[in-house]
Ligand code: ADP
């Protein structure tokens, strides 16, 4: 029911007391590898919540790519439209300082080669999906092509943010952004509260619904008729906020695909985001439908 058009990355997370300056070499505390990328995270998030999910993506013919295919199989994500070719699987290098500050460098690799032709080749996977969900770690032209082919609800998570061309905005039904992405997309200051977020949401150029995630303040939705409301966050102890936005997008896609009304879908996605920040890790922290029940939070 959900087709995700997006990125698959190997995450290389290095912990260090300090980051090197130009020309300097220092020893880090340690490192670990994980699988990530906004596309892969959102596809797994949706699949864990019980949706039938298909992924449209590009990887390299390398070890990271094969690891990713295994992960998608384990998570029951249909990967028949994940193709491999020349070049490497995308890589995110994350430097984590003792202060908790992150510096992230993303090398797109195969993600940059995901083309409109790949979308066309995916055919019904995109064309017949009830929801097509995309982010901006793959080329804008590819996302636009996917939304043009779609007959279902088209959700764009404009992350990382960039100025969105009208031809893309015209084919978006639901735009999802966090506060800083909203500011970048609307060319406005970062909103200070939910009411201001709703106001700025009117200035993105998107003719559909705009959803803004506000971290510990929950989320806001604004519909094309100018109606807006605030969904407060569920109170949780935040352990690791990685992948909260991806969990939110995956959950929203699942609910809208099931025909859940927008206000209920927003409430559900806000809950799934909260559960994700209450657990450590990226993909590891994404809850299943059963987890939500066992935590008594449905
Ligand atoms: P991003 O990670 O993309 O910046 P947010 O930080 O806005 O996204 O988080 C996405 C969603 O996750 C929020 O809308 C909220 O529902 C949930 N969330 C994030 N941080 C917290 C928190 N500290 N407490 C409760 N919920 C949170």
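Comparing 231, 75, 167 in a Gaussian network model of the chain where C-alpha atoms under 10 Å apart are linked, the largest mean-square fluctuation is found at 167. Our note on the geometry: Cα centres of the stretch 92-108 and the stretch 128-151, 28 Å apart.
Normalised by 2.2 N^0.38 Å, where N is the number of residues, the C-alpha radius of gyration of the stretch 160-269 stands at 1.01. Where does the Debye-calculated log10 I(q)/I(0) of the stretch 161-210 sit at q = 0.16, 0.31 Å⁻¹, using only Cα point scatterers of equal weight, no solvent? Here the Debye-derived log intensity ratios amount to -0.38, -1.30.
The calculated FRET efficiency for the pair residue 104 and residue 128, based on their C-beta separation and a Förster distance of 30 Å, comes to about 0.30. Per residue, the convex hull spanned by the Cα atoms of the stretch 19-175 measures out at 145 cubic angstrom. Given the options 12, 136, 72, which has the most mean-square fluctuation in a GNM of the chain, springs set between C-alpha atoms less than 10 angstrom apart? Of 12, 136, 72, the most mobile in the Gaussian network model is 12. Computed from the Cβ-Cβ distance with R0 of 30 Å, the FRET efficiency linking residue 121 to residue 163 stands at 0.60. Using a Gaussian network model of the chain in which every pair of alpha carbons under 10 angstrom is joined by a spring, one finds that among 14, 200, 172 the greatest mean-square fluctuation is at 14. The calculated 222 nm mean residue ellipticity attributable to helices in the chain amounts to -9500 deg cm²/dmol, summing -39500 (n - 2.57) over DSSP H runs of n ≥ 4 and dividing by all residues. Computed over the stretch 103-168, the percent of Cα pairs more than 20 Å apart is 26. Each 5 Å bin from zero holds the following percent of Cα-Cα pairs in the stretch 235-289: 4, 26, 30, 21, 12, 6, 1. With only the Cα atoms considered, the chain has a convex hull volume of 134 Å³ per residue.
Spin-label pair residue 21-residue 225: with each label point 7 Å from Cα along the Cα-Cβ axis, the two points sit 6.0 nm from one another. Once the convex hull of all Cα atoms in the stretch 127-196 is built, its volume per residue stands at 84 Å³. The stretch 267-292 and the stretch 60-74 have Cα centres spaced 23 Å apart.
Each value in this text was obtained by applying a stated rule to the coordinates, not by laboratory testing. Since this is a predicted model, take the numbers as computed values, not measurements. Cβ sites come from the backbone with ideal geometry, for glycine too, and all protein chains shown count toward neighbours.
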